[in-house]
Amino acid sequence: MMRGLQTTVRTIRRRVFTEVAKLGFKADTSTLLDDMEAIPYEIVNDDTPRYRESTYRSRAIVRERLRLAMGLSLRPENKPVHLTAGVEASNISEKYYEPPLMQVIPSACDSCEENKYEVSNMCRGCLAHPCQEVCPRGAISMVDGKSVIDQEKCIKCGKCKSVCPYDAIAKKERPCQKACGVNAITSDKYGRAFIDNEKCVSCGMCMVNCPFGAISDKSQIFQLARALTEGEEIIAEIAPAFVGQFGHNITPRNIKAALGELGFSEVYEVALGADIGAIAEAHHYVEKVVTGELPFLLTSCCPSWAVMAKKFFPDVIDEISQELTPMVATARTIKQEHPNAKVVFIGPCASKKLEASRRSVRSDVDFVITFEELQAMFDAKEIDLTNYEAESSFHDATGAGRGYACAGGVAHAIEKCINEYYPDVQVNIEHAEGLAECRKILTLAKAGKLNGCLIEGMGCPGGCIAGAGTNIPVATAKKDLAKYVQNSSRAIPPKELEEIELD
């Protein structure tokens, strides 16, 4: 598990994001094309570590990363397209997004084997050779005193691996494919990973699990930096998972002040929208599920979970909560108070970029960036968060709303609200984290096995604190968030918060 480790992949990504942010913050964009051309040579040169077998391949991969970081798509492999092609359209101070969100950089993919059992040099050629005895297809033979697996006969059952006393049989899997809970990753004709966009729900788990950094999402940091430079009224809404993401000693006051230094005029907590949602879904559960009008209620705050439910389980669409997600509820609140401002969602999630761009429900969110991308923007402006401290912290949200960031936290917040508002109502809670588990729980719900339940789904194992755009290990984030929730001035939101009109 590479999450939270400062790997070479993360170092390269952050460097690319930082250089792209610098481009956006530059007042004069007349040299943009030349500046873009120079970046791959600055990042990969004779003085930098050699990451690939050749400088030329490393530089070619950085060029494609650069395009994705600018919000552009990868260039086709079968015809000449210039590095800066399409930049004119993306050179704006507004949200720019060219689908799809997740893309495999072909030149970076190592063409990992999808699924294969292989005997390693740990094999001692033991007398018992249990691997051979348990194989149902006779795929294992002894050659020169060692076990060998006939790949033509092997059915990938794994029985040989489970009985080997020396753990000499390895299961080779493609990491991105293993991490994908919706089976959206296949192979192209060259054996490289390929994302089926009809299945993909943009959770980003493939991206963070690829040890070659061959999968990346598109970014809006260039366009946001442009907007900040132009001095528009721009307001940040920051997800509760931010705790600890910028250093263990960094407080909300530090972050609030540093965002002000970047050019944001104000900062709101997304947990405020979570509080509004928790109250609404508490009422929804009692009025619809407890009365029997709906068999169960699915939470809607995780876009990957909601999109997966709609794509693969269309029969349960009516059971998905229609309440605004915390991101959207908070943005609506901001726009009521600041109708001319641009709203930026800062969070741990890649798929929020899609949610902000959807047409079915107005998001009121103008930009989405991740914690990883925000850190690169701080780097671009050479902002050390420890040097900045605001006069006040975040005081809007409750512990319940802040707890949304951890798996199980959404259902727990709604349950606490129900217990407070409807003390006689029994709440039945189920939750799943990771898309594979989410599919299982939706299968059970569809089969009528979870009637009467409030069902929370989180696309990332661990919840939002494990999102694709986070900076620290999940265990550390969980601990930091628990402390933040505990220190909140209020445990649950007051019932009168529901009276806020967000249409």
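Since every read-out is calculated from the coordinates, none of them should be taken as a lab result. As the structure is a prediction and not an experimental result, all values here were calculated from the model. Counting neighbours? That spans all protein chains shown, and the Cβs are built from the backbone with ideal geometry, glycine included.
Take the Cα of GLU420, step 7 Å toward its Cβ, do the same at ASP47, and the gap between the two points is 5.7 nm. Using θ = phi - 60° in the Karplus curve 6.51 cos²θ - 1.76 cosθ + 1.60, the 3J(HN,Hα) couplings for region 156-163 round to 6, 7, x, 5, 4, 4, 5, 9 Hz; x is entered for Gly and Pro. In this structure, every pair taken from LYS95/LYS311; LYS171/LYS440; LYS218/LYS256 has an alpha-carbon distance of 28 Å or less.
Taking each residue as 0.36 nm, the span from GLN151 to THR229 lengthens on full extension beyond its C-alpha to C-alpha distance by 22.3 nm.
Placing pseudo-labels 7 Å out from each Cα toward the beta carbon at LYS310 and LYS479 gives an inter-label distance of 3.9 nm.
Using only side-chain charges placed at the Cβ, +1 for Lys and Arg and -1 for Asp and Glu, the dipole size of region 67-165 relative to its Cα centre rounds to 300 debye. In summary, the lysines within cross-link reach of LYS416, defined as a Cα separation below 19 angstrom excluding same-chain residues under 8 places away, comprise LYS288, LYS483, LYS495.
Put simply, when 299-306, 453-460 are sorted by average Cβ atoms within 10 angstrom per residue, most first, you get 453-460, 299-306. With viscosity 1.306 mPa s and temperature 10 °C, the Kirkwood radius over alpha carbon pairs of region 1-99 converts through Stokes-Einstein to a diffusion coefficient of 109 µm²/s.
At an R0 of 60 angstrom, the distance between the Cβ atoms of SER357 and CYS126 translates into a FRET efficiency of 0.55.
Couplings 3J(HN,Hα) for region 465-470, derived from phi with the Karplus relation 6.51 cos²θ - 1.76 cosθ + 1.60 (θ = phi - 60°), are 5, 10, x, 5, x, 8 Hz, where x marks Gly and Pro. Taken along the Cα-to-beta-carbon direction at a fixed 7 Å, the label points for LEU5 and ILE92 span 4.1 nm.
A straight line joining the Cα centroids of region 319-356 and region 472-496 runs 20 Å. DSSP bridge analysis restricted to the chain gives an antiparallel fraction near 40%, rounded to the nearest 5.
Residues of region 66-97 falling in the label zone of PHE194, defined by backbone nitrogen less than 20 Å from a point 7 Å along Cα to beta-carbon, are 73-80.
Put simply, when 277-287, 396-406, 27-37 are sorted by average Cβ atoms within 10 angstrom per residue, most first, you get 396-406, 277-287, 27-37. Taking 24 Å as the limit for the C-alpha separation, the pairs LYS352/LYS478; LYS79/LYS199; LYS199/LYS478 exceed it in the case of LYS79/LYS199; LYS199/LYS478. A simple packing score, the average count of other Cβ atoms within 10 Å per residue, orders the peptides 71-79, 225-233, 11-19, 264-272 as 264-272, 11-19, 225-233, 71-79, with the highest score first. The spacing between region 179-203 and region 254-300, judged by their C-alpha centroids, is 31 Å. Considering only alpha-carbon pairs that sit under 8 angstrom and 6 or more positions apart, the relative contact order computed for region 223-493 is 29 percent.
With Rh defined as the Kirkwood radius, the inverse of the mean 1/r over Cα pairs, the Rg/Rh of region 115-173 is 0.90. Rounded to the nearest whole Hz, the Karplus-based 3J(HN,Hα) values (6.51 cos²θ - 1.76 cosθ + 1.60, θ = phi - 60°) of region 239-253 follow the sequence 6, x, 5, 5, 4, x, 5, 10, x, 5, 9, 8, 9, x, 5, with x at glycine and proline. Per-residue ellipticity at 222 nm from helix content only, as computed over the chain with -39500 (n - 2.57) for each DSSP H run of at least four residues, stands at -10500 deg cm²/dmol.
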